[in-house]
Amino acid sequence: MSNKRSSFRNRFSFYLLAIGSACGLGNLWRFPYIVGENGGGAFLLLYVFLALTVGLSLLIAELMLGRFTELSLLAASRKLVQSSGKKGYALIGWFSLLLTAIILSYYSVISGWVLHYLTQFVTSLYHEDSVQYLSKTSVSVLLQSGSLQFMLASVHLLITTTVVLKGFSDGFEQKIASLLPLFGILVIVLLFGSLSRDSNRDVLRFLFYPDFSKLNWSSLSHALGHVFFTLSLGFGTMVTFGGYLKGNEDHLPTIGLRVTIVDTLISIVAVLLVFPIAFSSSKQLATDPSLLFDVMPVFLSSIKGGILFGLIFFLFLWLAALNASIGLLETVTANITDMNPKLRRPLAASLAGMFVLFLTVFPAFSSSIFKNVSILGRSLIEFLDSALINVCLPIAAVGIVFVFVKTLKPAQREKMFVNDKMPTSIVMYSHWGVIIKWVVPILVGTALVMSLIGVAIR
Ligand code: PHE
């Protein structure tokens, strides 16, 4: 009896950890504007399909690699170097590690935006006309001030580093993640308000009537990149988390499926929340990173009790971003300490935090000091977002597939995948094998070639 309870508690904690890492700014901030940028319904359909096939398959593989090796990605790839003699294999681990640090720097800047809105809602309470006060808050104020963005990102990163450095991140992450259901309830309450707008018919048409002519050359890489980003794949985060399941008999495909479903549902709720407001408040649909920040304050200050709702909304959103950031920094720290066991955790976490802080300068000042930098017709932050998530992350994901296939023998994979009590797992096993070994690399290659063609003919 007591055993049963503790194993349930472990499993529950694990779900909190994995779902907490998956659900973050990717769902609420990034997904809506990516859907808008790629024309709505057809992209949404493509995204859901890829999440449930490619995303789910890779999630299972990353968890399996972690449970099997009990190592972080860098250490697992270095082990491959020892067994094969091929030094180049370690590059896979290094590539993911560097990518994780760069993405955390960029993620911290956006988390800083959330902090800014949170403070605006708090200070609005002290103004007679809160609505009037909030109407002056806009993303452009933030974009004009690189130092404000840098300061906010630094505060966010400092809190993240303190949690990871103290080593209580596991418990902390779980505590924050256990607040997620409350956040879910708040979002659903707001959803009723948003869905009662008269722009609804247009929105439902935009989101659920797939018009495939709206897809463009880069839509496939946008969809794939976002699937990896939102499910925390390609970073090695899920490999690290999989290590926590050592000795645990839980069926990994079932865990992966549940995490994928929850994450995908939250993303769909996010678009249902944002688009009705965006459609009714402007003729021109914003399809850039400011979308969520442009629509939510306007909407919140227009409803009854909206200031309080807004305050709680941005607080939860920031906590979700903090949780995801802890997962990212935890991954970097675990990779460093695995590689160099003599290095103590607080030192490793501080070094990682300082390195990320240095990188933060670039996204934070992209619209001020670096505002004249234009790469392929995009601003620095837009270029970073696209290059990191749509190009580098899918490449890193293929690298992890490679380490996975080289490390686990087919019999070992089958043992962890097939569950005798679930006949479907036998059928799914062969599909999963094909997706991991063939579909993921071919699809990533195709997406990258198509994006290149798109850039060339623009
Ligand atoms: N999945 C998170 C999001 O959607 C981002 C993230 C990636 C968090 C990797 C941790 C690790 O916001």
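The values are calculated or read from the model by the stated rules, or taken from the named source; none is laboratory data. Keep in mind the model is a prediction, meaning the values are calculated, not measured. Because the Cβ atoms are built from the backbone with ideal geometry, glycine has one as well, and the counts that use them run over all protein chains shown. Remember, those area values only see protein heavy atoms, side chains included, never the ligands or the DNA or RNA. Shrake-Rupley method; radii C 1.70, N 1.55, O 1.52, S 1.80 Å.
Using only alpha carbon pairs under 8 Å that are at least six residues apart, calculate the relative contact order of the stretch 303-458 and give it in whole percent.
11 percent
Lysines near Lys304 by alpha-carbon distance under 23 Å, same-chain residues fewer than 8 away left out - which ones?
Lys136
Would you mind computing Rg(Cα) / (2.2 N^0.38 Å) for the stretch 109-186, counting N as its residues?
For the stretch 109-186, the normalised Cα radius of gyration is 1.34.
So what is the relative contact order of the chain, in percent, for Cα pairs below 8 Å that sit 6 or more residues apart?
Working: 629 pairs, mean separation 160.5, N = 458.
After rounding, I find 35 percent.
In 5 Å bins starting at 0, how do the alpha-carbon pair distances of the stretch 318-452 split up by percent?
Final binned percentages: 2, 8, 11, 13, 14, 15, 15, 11, 6, 3, 2, 0, 0.
What does the charge dipole of the stretch 210-307 about its Cα centre add up to, to the nearest 20 debye, if the Cβ of each Lys and Arg holds +1 and the Cβ of each Asp and Glu holds -1?
Result for the stretch 210-307 is approximately 180 debye, rounded to the nearest 20.
Whats the longest run of the chain with zero GluC sites (Glu not before Pro) that are DSSP loop and have at most 14 other Cβ atoms within 10 Å?
In the chain, the maximal stretch lacking such sites is 250-458.
Sum -39500 (n - 2.57) across every DSSP H segment of at least 4 residues in the chain, then divide by the residue count to get the 222 nm mean residue ellipticity, nearest 500.
Mean residue ellipticity at 222 nm (helix-derived): -24500 deg cm²/dmol.
Which percent of the Cα-Cα distances in the chain go past 40 Å?
Summing the P(r) of the chain above 40 Å gives 16 percent of all pairs.
What net charge is computed for the residues neighbouring Ala76, neighbours being all others with C-beta under 12 Å from the C-beta of Ala76, Lys and Arg scored +1, Asp and Glu -1?
+1
Just to confirm, what accessible area per residue do you get for the stretch 76-231 at 1.4 Å probe, in whole Å²?
Computed with neighbouring chains in place, this is 49 Å² per residue.
First compute the accessible area of the chain with a 1.4 Å probe, then give the percent of it belonging to carbon and sulfur atoms.
Solvent-exposed carbon and sulfur of the chain make up 67 percent of the total.
Cα to Cα, under 17 Å, and not fewer than 8 places away if on the same chain: which lysines meet these conditions relative to Lys406?
Within the straight-line cut-off, Lys406 pairs with Lys79, Lys86, Lys87, Lys415, Lys437.
Going toward the positive end of the dipole of the stretch 132-279, with +1 on Lys and Arg Cβ and -1 on Asp and Glu Cβ, which of Phe183, Leu265, Leu233 do you reach last?
Phe183
Over the stretch 93-181, what is the relative contact order in whole percent, taking alpha-carbon pairs under 8 Å and six or more residues apart?
It rounds to 32 percent for the stretch 93-181.
Run down the aspartates and glutamates and flag those whose C-alpha is under 20 Å from the C-alpha of Lys371, throwing out any fewer than 8 positions away in its chain.
Cα-Cα hits under 20 Å: Asp288, Glu382, Asp385.
Please report the spacing between the Cα centers of the stretch 235-313 and the stretch 59-134 in Å, no decimals.
16 Å
Let me know the shape class of the stretch 282-335, please: from the alpha-carbon gyration tensor, a ≥ b ≥ c as square roots of the eigenvalues, rounded when a/c is under 1.5, otherwise prolate if a/b is greater than b/c, or oblate.
In terms of gyration-tensor shape, oblate.
So which trypsin sites (Lys or Arg not before Pro) in the stretch 213-286 are both in a DSSP loop and have at most 16 other Cβ atoms within 10 Å of their Cβ?
Lys246, Lys283
Rounded, prolate or oblate: which one fits the stretch 374-414, using the alpha carbon gyration tensor with axes a ≥ b ≥ c (rounded when a/c is under 1.5, else prolate when a/b beats b/c, else oblate)? Spell out each step's value before the answer.
Values: a/c = 6.85, a/b = 5.57, b/c = 1.23.
Judged from the Cα gyration tensor, the stretch 374-414 comes out prolate (a/c at least 1.5, a/b above b/c).
Set Lys and Arg Cβ to +1 and Asp and Glu Cβ to -1, take the dipole of the stretch 328-458 about its Cα centre, and tell me which of Leu343, Ser374, Val427 lies farthest positive.
Leu343
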